[in-house]
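All remarks here apply to the structure that follows.
The values are calculated or read from the model by the stated rules, or taken from the named source; none is laboratory data. Predicted model only: the values in this text are computed from it and were never measured. Here the Cβ is made from the backbone with ideal geometry for all residues, glycine too, and neighbour counts use every protein chain on show. Accessible surface areas use protein heavy atoms only, side chains included; no ligands, DNA or RNA. Shrake-Rupley method; radii C 1.70, N 1.55, O 1.52, S 1.80 Å.
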Amino acid sequence: MSFTNNTKEVLRLLKDAEGYISGERVARGLNISRAAVWKQVCKLRKEGFCIDAQPRLGYRMVIPPDKLIPMEIKDGLKTSFVGQEIFYYPKTESTNLIAKNMAMDGSKEGTVVTAEEQTKGRGRLDRNWLSPAYKNILMSIIFRPEVQPSQVFSLTMLTSLAVVKAIKTITTLNALIKWPNDIYIGSKKIGGILTEFSAEQDRVNFVIVGVGLNVNFDPSIYTEIKDTATSLSKALGKEISRVELLRSILEEIEKGYNLFKEGRVTQIRNEWDTHSLIAGKIVRITSFGITEEGVAESVDEDGCLILLDYKGKRKRIFSGDVSLKMMAS
Ligand code: ATP
């Protein structure tokens, strides 16, 4: 949906008003008719804003929202393609699934899908991703890189790096990346990246990169993750604006993706390495039923983990079907 200045101005007046503001005042302020005000209110409601309308009182913004509403996210978003098209769902199965369908229908690169709640939120290997409504960031982006399937992991890398950088900018917290796809604060998980793609033998059709990030929620409400998860508000001691954080994530993703397209993967990898939770640590990797232990040395440009085993041999571990545990060193 495209928004005129009138829509934006009506929104601003409603947000600034303390309580109700009459349709007449809005109309006078913007030099438009009351019917035109009503039309804009309907548009805003469709977009996801909750606006109460009362016969003698006028209009009132019910929850000055920290909802992930596209118009809010786009307001001040400094990108040229990532997030220029945003689709918002109060509740959906999974943003990756919606984005995948959109990509198959031809949606363009940089299209973003956000949701407040997922009924089938997933992590890797179909594990559940838990997130109560209106608390966290759940979003997916469509990419159409002209690369080989083996290069797709770079998108997981640049997205996790973007998330960590945005967290630093907005909260000053130092988050770290646990290879291959998790974001941590201290010893607890605050987010995960889920990358899925469609490809031919030697070319990629599209890539969907999903981000689930715990922002303003208390993980202790879920027994499954109460001991292993945290959120930004928990780490910070106060709630933060999800819209502002998401905007910053999208901006960082675009910067990273531009580097990727310019072939500057080494730069992404090097920076990623400085935010690695596991670099130099002893880890246990299980992949396809085989378990190996060793020191996590670094990650190469295809996103493979370089593991130095106890015999002094180096191995490249693919990120596919792998579970990684950190061992006490
Ligand atoms: P692990 O975190 O065990 O290493 P993984 O990296 O493969 O596994 P994902 O598949 O990315 O994890 O995410 C799913 C897992 O994350 C779930 O099995 C659950 O343990 C955990 N999880 C689910 N929801 C959340 C959440 N909101 N915050 C933190 N962790 C979560």
Can you say whether Val215 is within 13 Å of the ligand (Cβ to nearest atom), open to solvent by less than 10 Å² (accessible area, probe 1.4 Å) and either over 12 Å from the mean Cα position of the chain (by Cα) or of a type outside the set (Asp, Glu) (or both), as far as the supplied structure shows? yes
Counting only residues in segment 110-126 that are free of Cβ contacts under 8 Å to residues at least 40 places away in the same chain and closer than 20 Å to Leu246 by Cα, the one farthest from the ligand (Cβ to nearest atom) is identified as Thr111
Within segment 222-233, the count of residues that are more than 10 Å from the ligand (Cβ to nearest atom) and not in a loop (DSSP other than H, G, I, E, B) comes to 2
Which residues, taken from segment 294-329, are open to solvent by 40 Å² or more (accessible area, probe 1.4 Å) and assigned to a loop (DSSP other than H, G, I, E, B)? Glu301, Asp302, Tyr310, Lys311, Gly312, Lys313, Phe318, Gly320, Asp321, Met327, Ala328, Ser329
Being farther than 19 Å from Ile253 by Cβ and acidic (Asp, Glu) is the filter here; which residues of segment 265-297 pass it? Glu292, Glu293, Glu297
I need the full set of residues from segment 281-293 which are closer than 21 Å to Met157 by Cβ and part of a strand (DSSP E or B), in order please. Val283, Ile285, Ser287
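At least 3 residues that are open to solvent by 40 Å² or more (accessible area, probe 1.4 Å) in each: list the helices (runs of 4 or more DSSP H) lying fully within segment 1-120 that qualify.
Working: elements: 5-16, 23-30, 34-47, 70-74, 95-104.
Helices (runs of 4 or more DSSP H) meeting the threshold: 5-16, 23-30, 34-47, 95-104.
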Can you report the number of residues in segment 157-193 which are out of contact with any Phe, Trp or Tyr (no Cβ under 6 Å at 6 or more places or on another chain) and near the ligand (Cβ under 10 Å from one of its atoms)? 12
Flagged pairs (Cβ under 6 angstrom, 6 or more apart or on separate chains; first in segment 202-215, modelled with pLDDT of 95 or more; second open to solvent by 10 Å² or more (accessible area, probe 1.4 Å) and in a loop (DSSP other than H, G, I, E, B)) are Val204/Val147; Phe206/Arg144; Gly212/Trp129
Given the structure, is Glu196 within 16 Å of Ser154 (Cα to Cα), surrounded by fewer than 22 Cβ atoms within 10 Å (Cβ to Cβ) and either modelled with pLDDT under 95 or within 13 Å of the ligand (Cβ to nearest atom) (or both)? yes
Output the number of residues of segment 159-188 satisfying the condition of being among the small types (Gly, Ala, Ser) and in contact with a helix residue (DSSP H, G or I) (Cβ under 6 Å, 6 or more places away or on another chain). 3
In segment 127-146, the residues that are surrounded by fewer than 21 Cβ atoms within 10 Å (Cβ to Cβ) and more than 8 Å from the ligand (Cβ to nearest atom): Pro132, Ala133, Tyr134, Lys135, Arg144, Pro145, Glu146
